Every structure is written in structure tokens, then in C-alpha cells.
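Encoded as C-alpha cells, the structure appears first; notes follow it.
The values are calculated or read from the model by the stated rules, or taken from the named source; none is laboratory data. Computed from a prediction, not measured in an experiment: that's the story for all the values here. Neighbour counts run over all protein chains shown; Cβ positions are idealised from the backbone, glycine included.
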Amino acid sequence: MPTLSRDFLSDLDSRDELAPFRDEFHLPQDLIYLDGNSLGAMPLVAKQRILEVVAQEWGEALITSWNKNGWFQMAEKLGDKIARLIGADPGEVMACDATGINLYKLLSMALDMRRDRRVIVMEGSNFPTDNYMAQGLIKQLGRGHRIYFAEKEDILAAITEDVAVVSLTEVHYKTGHLLDMKAITEKAHAVGALVIWDLCHSAGALPVFVNDCHVDFALGCGYKYLNGGPGAPAFIFVAKRHQGRAVQPLTGWWGHAAPFAFEPDYRPADNIRQTLTGTQPILSLAALECGLDIMCRADMAKIREKSMNLCDYFIALVEEHCGGYGFSLVTTRSREERGSQVSFRHKQGFAIMQALIADKVMGDFRAPDIVRFGFTPLYTRYVDVWDAVMRLKNIMENNLWQKPEFNRLTAVT
Ligand SMILES: *Cc1c(COP(=O)(O)O)cnc(C)c1O
């Protein structure tokens, strides 16, 4: 670890090949934004693009835009761009619906492909919506499925011959730990199970190789590291070898083999289009495309390298300058085993985060006691790490977090 100073970090910025990407985002004056893992910053072109789609494609061309402006193919076109970011091939990814909904579709398909098995392996401490959706689905199916909730250390051992599906999130939303996609997928396949990988905190944050790892199914979020905007469409990946093999349960007309034939009965498309259900939000897809186009121009290996450095330096500086104030590191120190975020545990985490936000360092709080900082190499500078820690130090030194206004609970944390 080099000796860290503001000058040292500033020098890294001046030599950083990713630095120019920062100018492509709108970032509020003086704000150090360390929450791009929750809602990515706005690409400047998104504003222009949305205005154009509203004024021209919707306003003027109206319904002809489905053909003329490619609206009908948008989910697929964006899916192909996402495919490049996650190591998938063209025709294997769609940009559509929400993360939770895509998980529901995939889990249903996977269970249908393993009808003689009843067990689903998930991580108990995962972002709850994944687990909630699985619970809702098996209740709906009523076929006696059960979910075995494992934690990181016992996942491999939990993958036994009775397991139908292993459904996991690669990077943990709270701790930032990175699961071994290749080893877990191999183990699942060795016992005849299928895998679903949730890439919410992976896509755009680190290199992902779904096909090299022989992943069956995957999904993820558009509004985090992909910078697609609030509520952006999510994505869904189905490996080519599984397309046409199982039918996703939300059998709307967009997943029909011939949507405009308006046949009386459902007949599934035998390709990735079967993952669709109905009309997609075109304005949101247009915004998402702006984020994807930037991401597709960036070198993912460089993103990963910078992300690991930013996280390492942040950990080192917090420990050096705020060491005596009761923070304990939750994220692993091993850069290979974490995503692009750092979490600390602190009893007063909520109030500390509110005080930080008031001082223009934006991270977030995850109950009961975790302060979480996401690092997005496309628009976070090395000096931001220094400045953020100095503001945190000031808050701790002067007990600024104790102010009443930082101790009132908010609906969204
Ligand atoms: C962010 C996130 C989600 C979000 O789900 P939505 O359906 O988009 O609300 C789901 N799962 C994980 C693991 C996440 O990190």
C-alpha cells in the first residue's frame, strides 16, 4: 500500500485513462457521490435523448415509431449491449421489466426444467426481494418446493442431488462480498441443478463472464452501475441452449411466437423474446441506452482495476483517520473477493450517514447498522476518496452526527 496523501491521489487522477468519462455525467456541484451502486448518475446525453424521444418519436411520429424508430426492437437491441458487459452472446439478453419480475420468470422456468426436484438454494441474507419473489412463486406453484437458505461459507455444501435450482446474487448488497460464480455453477451442474445469477451489483461494476462460466440464467438491474435512470428496465439472460426449452409464466403477447397474428392461444417464441410479457417503457429504455452506450465504450478491466484501488484506499484512509471512532469493516480486505463497494458497521450508522449527506458525501445506510459506500470508476475520482474521508473525520471528531436533524428516520435510506 503506497503512502496516501491528497497529492498522491490527485496524481493518480491525472494519469487515469477513465478520467474523461466523468465529463459525460451530470454531477451536482461539490457532491461526492458514493451511491452509484444504488442509483447511477445521469449521463448528460440522457436529458437530450429523452427530450428528443418525447418531442419527435412520441410527439410527431406517434404509433409509426414502433417500426420507424425501432421501438419494437428496443428491448432486444439494448439486451445485446448488456450482453457485451456480462459475457453473453447476442440474442441471449433482453432489457425488460424489473429485477424481481425477471427472477420470478427465470425461477419458474428453471423449476419447470427440473420437475423431479424440490429444493432451491438461496442466500438468506440476500437482498430480500429475490427471496420474497421465490417464496411467492413456490406458494403459487403449490408443489412442495422449499428454499434452503445458506450463507456464503456453506453454499457449496448445500448444493446436493435434490437441488433443482441455485439462485444467488454474485455481489452481496450489504457486505459487498463476491461469490465464486464459476465454482458454484460447476458444483450445481455436477449434481444436475440449474443456476440463476443475480448481477444487480455486478453488471457495469466488474467483468462478468456468464457464458465462460456456463451460467444457465441471469438477471440484473439497469439503474445501478449501468446508469439507466430511476426505475430503469432490468435485464434477463437465458443461455441459448435453454431457449425454447421452458416457458416463462407471464405469457403475454410480446412473448408469443407471432404477436401480431393475434392468435387465440399462446404459442411461445423459441428465442429470447419469449422472456417478454408486454409493451415496454420506451422512454425508460431510451434513458437506459444512454448509460449502456457509455459503459460499452469503457474498458471493463480498467474499471475493475480502478474500482479495487478506490475501495482499497477508502478502507485504508477510514482506518487511518477515523480508526478510533467505532467503525468496523464489513467488506473483505481481499480485493478479488469483493464487488465495488465498501461497508462499515457502526452503532450510529444512520445518523453518521445523514451528517455525511448534509456535508455532500452521499452513501447510504442499510439497517440495522451498516454504512455503505459504492465506488463507480467512471465518475468517481481518487481525490473524492480523500475528501470523503476527511469530511467523515470532521463529523466524528466534532460529534456532528449527534444533531437531532440527523437522527430522524426517513422512509428511504
Ligand atoms: C437492487 C436489487 C434489486 C432490485 O429489485 P427491483 O425489482 O428493481 O426493485 C433486486 N435484487 C438485488 C440483489 C438488488 O441488489
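The lone criterion from (1) within 30 Å of residue 307 (Cα to Cα); (2) within 16 Å of the ligand (Cβ to nearest atom) left unmet by residue 180 is number (2). Go through region 394-413 and give me each residue that's surrounded by 17 or more Cβ atoms within 10 Å (Cβ to Cβ) and farther than 13 Å from residue 358 by Cβ. Scanning region 394-413 gives a single hit, 396. Residues in region 210-227 that are crowded, with 24+ Cβ neighbours inside 10 Å and more than 11 Å from the ligand (Cβ to nearest atom): 210, 215, 216, 217, 218, 226, 227. For region 39-70, the set of residues classified as outside any helix (DSSP H, G or I) and in contact (Cβ under 8 Å) with a residue 60 or more places away in the chain consists of 39, 40, 41, 42, 43, listed by residue number.
Taking residues in region 128-156 that are under 27 Å from residue 331 (Cα atoms), and partners anywhere that are assigned to a helix (DSSP H, G or I) and more than 15 Å from the ligand (Cβ to nearest atom), the pairs with Cβ atoms closer than 6 Å and at least 6 places apart or on different chains are 148/158; 150/158; 156/187. Taken over region 76-121, residues that are at negative phi and within 11 Å of the ligand (Cβ to nearest atom) amount to 7.
Here region 230-254 is the region considered, the condition is being surrounded by 24 or more Cβ atoms within 10 Å (Cβ to Cβ) and within 16 Å of the ligand (Cβ to nearest atom), and the residue that is farthest from the chain's Cα centre (by Cα) is 237.
A single entry from 77, 105, 68 fulfils the requirement of being touching a Ser or Thr at 6+ places or on another chain (Cβ under 8 Å), at pLDDT 95 or above and of a type in the set (Lys, Arg): 105. If we scan region 200-209, do we find a residue that is more than 14 Å from the ligand (Cβ to nearest atom), in the same structural domain as residue 169 (by TED's automatic domain parsing), touching a strand residue (DSSP E or B) at 6+ places or on another chain (Cβ under 6 Å) and part of a loop (DSSP other than H, G, I, E, B)? Checked region 200-209: no residue is more than 14 Å from the ligand (Cβ to nearest atom), in the same structural domain as residue 169 (by TED's automatic domain parsing), touching a strand residue (DSSP E or B) at 6+ places or on another chain (Cβ under 6 Å) and part of a loop (DSSP other than H, G, I, E, B). State whether the residues of region 136-145 include one that is within 30 Å of residue 371 (Cβ to Cβ) and either within 11 Å of the ligand (Cβ to nearest atom) or surrounded by 17 or more Cβ atoms within 10 Å (Cβ to Cβ) (or both). No: zero hits. Residue-level check: of (1) farther than 25 Å from residue 309 by Cα; (2) within 23 Å of the chain's Cα centre (by Cα); (3) assigned to a helix (DSSP H, G or I), residue 412 misses just (3).
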